[in-house]
Amino acid sequence: MTDSETADPFGLTDRVAVVTGAGSGIGRATAQVLAAAGAYVVCADVNGAAAGATAESIGKSAGAATLDVTDRAAVFALIENTAAERGRLDILCNIAGIIRTGRVLDVPEADLDAVLAVNFKGTFHACQAAARIMCANGGGSIVNTASGAVDTAQPEIMSYSVSKAAVVQLTRNLAAEVGRYGVRVNAVAPGLVRTAMTGRHYLRPDGSMDETARAAAEKPLRRLSPLGMIGEPEDIAYAVRYLVSDAARFVTGQILRPNGGVAMPW
Ligand SMILES: NC(=O)c1ccc[n+]([C@@H]2O[C@H](COP(=O)([O-])OP(=O)(O)OC[C@H]3O[C@@H](n4cnc5c(N)ncnc54)[C@H](O)[C@@H]3O)[C@@H](O)[C@H]2O)c1
């Protein structure tokens, strides 16, 4: 029985999803949440062992793949093979991402290139591969990952912010082009979420937690949040689940901000 028949607009029964960055943090939580909603999830990550661990945590409704999203041919192969093997492709979540810090005056070109290659071009490759299939099949939903960094101008994260601003515009342009084929394209722009990425603010070199550094790093953002909250990966995963489900069938080209209210653009 399909979710339309059971009148659960948030259900994902029988949907086939590819999630990049599924080996850690927000990507792992998203893979788990989509699978719990009924989807079959291909967990893809450059860290193949981590992708495998996520798939194992889900069980038989998940598969794992080692994928570097900067490798255009590999991205196309994974997405095309998934659609061919599973007979459909309903959902793509582009969550893989990296950050490099440094003042604009000092950023090495190689750092800028690396961040753009993963965050923007990796998202572009996967969007192109998946949207071609979804358009031909008459429907699908893509969710990209921007960041609260697009709403402010924080020092020392220019490469990252620019890559995420590019993801926002890619999302809007693609949504405008593929809506007529029943394909929706949205993005999430998370606020600060506790993951390996943000651990750079408070993890010691040996990987252990420095609670004092963590409290200091989180304090200013807590103060900016009307909820006084820092996010957990699940807070973003639930937003993604909404966007890929039929509950969001009237929603495309939008940037959803699970950010504790830190930024409230119109
Ligand atoms: N954590 C936050 O506060 C926060 C806030 C806003 C946006 N984001 C975005 O959310 C996404 C997930 O971040 P996270 O916080 O879960 O970080 P994370 O470091 O926990 O997870 C990122 C994952 O991406 C994978 N990855 C990196 N390069 C890759 C590549 N070339 N190909 C495939 N996989 C690759 C990593 O192996 C890792 O598993 C990123 O796009 C990040 O920019 C995070």
Report summary line: To the nearest Å², the heavy-atom accessible area per residue of the chain with 1.4 Å probe amounts to 48 Å²
Report summary line: trypsin sites (Lys or Arg not before Pro) in region 67-119 lying in a DSSP loop, each with at most 14 other Cβ atoms within 10 Å of its Cβ, come to Arg103
Query raised in the report: Based on DSSP H assignment, which helices of the chain show an axial Cα extent of at least 27 Å together with a mean Kyte-Doolittle hydropathy greater than or equal to 0.0?
Result: 158-178
Report summary line: Filtered hits (aspartates and glutamates, Cα-Cα < 19 Å from Lys121, offset >= 8 within chain) -> Asp45, Asp68, Asp71, Glu80, Glu109, Asp111, Asp113, Glu177
Report task. Would you be so kind as to identify which of Val244, Gln154, Ala44 lies farthest towards the positive end of the dipole of the chain, taking Lys and Arg as +1 and Asp and Glu as -1 on Cβ and the Cα centre as origin? Result -> Gln154
Query - DSSP-defined antiparallel bridges as percent of all bridges, the chain, nearest 5 - result: 5 percent
Requested in this report: Go ahead and set up a Gaussian network model of the chain, Cα springs under 10 Å, then flag whichever of Lys60, Lys121, Lys164 fluctuates most.
Outcome: Lys60
Report summary line: In the neighbourhood of Val262 defined by beta carbon distances under 11 Å, the net charge of the other residues (Lys, Arg +1; Asp, Glu -1) is +2
Report task. Whenever you get a sec, compute what percent of the accessible area on the chain sits on carbon and sulfur atoms (1.4 Å probe). Result -> 54 percent
Query raised in the report: Dipole size in debye (nearest 20) for the chain around its Cα centre, Lys and Arg Cβ +1, Asp and Glu Cβ -1?
Result: 440 debye
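The values are calculated or read from the model by the stated rules, or taken from the named source; none is laboratory data. Just so it is clear, the structure is predicted and the values come from calculations on it, not from any experiment. Cβ: placed from backbone, ideal geometry, glycine included. Neighbour counts: every protein chain shown. Heavy atoms of the whole protein, side chains included, go into the accessibility calculation; ligands, DNA and RNA do not. Shrake-Rupley method; radii C 1.70, N 1.55, O 1.52, S 1.80 Å.
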